[in-house]
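Here's the structure, in structure tokens; my notes come after.
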């Protein structure tokens, strides 16, 4: 069925191109994939995250009958029920709740029966250690740390002589807080972990954060859960020389994931922000990442649902040569929420699978490709805005726009196109709103069999000049302001039908712009006339 344009008047103007993003109405996700589209795994309605939360994880209470240990110069006590102070080290060897306050200039060592749980309450507690792991949970079923309300707690790992690949001294593990079993942090107080040795907080199993105000300053990784890292709430700030969050094992079903359900996670790192071996699932909360490499990277899938707010800034070196906003081997799916990639080499990249925008609002700024998919790149709802120095949308299979809003502000280079697919694949527009502009020589337009009419043509667009496309009755279909000069335009919406259309320049926009698109406009001078048949 259609729908190409016959250009009657064309004005050409050479120039560079770097356009601002634009917006439109959000549509609902549409149905099944059409024939010819492929996706590595069928999409299913969103489920809860893979994280699990037991009653013990959520318990942040204690009583006067629990073991209270106050480590002050005035306190000469050396033994408590289940605990003993030997020289400068505190040993806990039994199940129970231990309320800790004061300062320990040594090591807190947990070694209970492997079936027993230990509950630590930090009630204004500081651990300083210059030689060993400040807190080492050697044995037990699970450890929960509760941060008491209104308290500040500090763990300081001051040993700075680790050499990569070197021998590890006895009693020394990678994390300033290191648990060889599951570790959970809850409560409403604060915890600051400083380490010049290696990692901040480590679990050899599952690391879960329920709540609390947690700050980690680490020489290497900030948070490390060997099998998973889950965040339910709280405020977590990580500054690290290596990955901000790391998950590196998926030997069994249910391992290898990062889950974010609520709270705030802020990461500043010299390498990857979140590095996960399997799946990333974000359904709530706020994530802010500033990384010198990929902001989020996984060998599995990335899915975003619920109502999270995610802001990513990924840069490496002066030319941002390889930093991706989100990089996955598997599918990347955005169902809802807000995702803003304010800087990246490539915004979204699925190395072996698909990228699907089903809803929400996604804003991508990239010096190379904006969105790159190995198989299918599909916009089915929500809004996708791309500003790029390379290809705007780049797919190894089809590009399919079926709903929502897609705006592509393409590269000035003739080596790139606003939309790019290989030979044998197609760009299909079967619904939604599409506005794309950029360079001319490599441009690709939608296939004629697209169900929705489209306009695709060469035309000169000047930087910062507002334009409007109007039908023969003077109705405005779109008003937009390019950020730089462009030489090609592609537009499609349900309002575009067979007929004659005129492009006006120097119009007077009306309404508040969102990313360069206005609600309406008046006036202007005729630039070009097009016929859609």
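The values are calculated or read from the model by the stated rules, or taken from the named source; none is laboratory data. Just so it is clear, the structure is predicted and the values come from calculations on it, not from any experiment. Cβ sites come from the backbone with ideal geometry, for glycine too, and all protein chains shown count toward neighbours.
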Could you list, in sequence order, the residues of region 341-360 that are assigned to a strand (DSSP E or B), free of Cβ contacts under 8 Å to residues at least 60 places away in the same chain and buried (at least 24 other Cβ atoms within 10 Å of the Cβ)?
-> 341, 346, 347, 348, 349, 350, 355, 357
Looking only at region 495-512, which residues are more than 18 Å from residue 457 (Cβ to Cβ), modelled with pLDDT under 95 and surrounded by fewer than 17 Cβ atoms within 10 Å (Cβ to Cβ)?
-> 510, 511, 512
Restricting attention to region 44-80, the residues that are surrounded by 13 or more Cβ atoms within 10 Å (Cβ to Cβ) and in a loop (DSSP other than H, G, I, E, B) number exactly 11
For residue 325, state whether it is modelled with pLDDT of 95 or more and not in a strand (DSSP E or B).
-> no
Wholly enclosed strands (runs of 3 or more DSSP E) of region 231-289 bearing at least 1 residues crowded, with 24+ Cβ neighbours inside 10 Å and within 11 Å of the chain's Cα centre (by Cα) | 257-260, 264-269, 274-276, 279-282
Pick out the one residue from 454, 491 that is touching a strand residue (DSSP E or B) at 6+ places or on another chain (Cβ under 6 Å), closer than 21 Å to residue 363 by Cβ and modelled with pLDDT of 95 or more.
-> 491
Looking only at residues in region 461-479 that are over 13 Å from residue 524 (Cα atoms) and in contact with a strand residue (DSSP E or B) (Cβ under 6 Å, 6 or more places away or on another chain), which one is surrounded by the fewest Cβ atoms within 10 Å (Cβ to Cβ)?
-> 472
Could you tell me whether residue 368 is in contact with a strand residue (DSSP E or B) (Cβ under 6 Å, 6 or more places away or on another chain) and in a loop (DSSP other than H, G, I, E, B)?
-> yes
Residue among 216, 193 that is assigned to a strand (DSSP E or B), over 19 Å from residue 58 (Cβ atoms) and not assigned by TED's automatic domain parsing to the domain that holds residue 289 | 193
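Yes or no, residue by residue, for (1) crowded, with 24+ Cβ neighbours inside 10 Å; (2) modelled with pLDDT of 95 or more; (3) in a loop (DSSP other than H, G, I, E, B); (4) assigned by TED's automatic domain parsing to the domain that holds residue 294:
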{"position": "362", "(1), (2), (3), (4)": "yes, yes, no, yes"}
{"position": "381", "(1), (2), (3), (4)": "yes, yes, yes, yes"}
{"position": "385", "(1), (2), (3), (4)": "yes, no, no, yes"}
{"position": "400", "(1), (2), (3), (4)": "yes, yes, no, yes"}
{"position": "417", "(1), (2), (3), (4)": "yes, no, yes, yes"}
{"position": "425", "(1), (2), (3), (4)": "no, yes, yes, yes"}
{"position": "442", "(1), (2), (3), (4)": "no, no, yes, yes"}
{"position": "445", "(1), (2), (3), (4)": "no, yes, yes, yes"}
Complete set of residues in region 513-533 that are modelled with pLDDT of 95 or more and not in a strand (DSSP E or B) = 523, 524
Among the residues of region 464-474, is any under 27 Å from residue 380 (Cβ atoms) and in contact (Cβ under 8 Å) with a residue 40 or more places away in the chain?
-> no
Filtered residues of region 427-440 (kept if at pLDDT 95 or above and either surrounded by fewer than 19 Cβ atoms within 10 Å (Cβ to Cβ) or over 29 Å from the mean Cα position of the chain (by Cα) (or both)) = 430
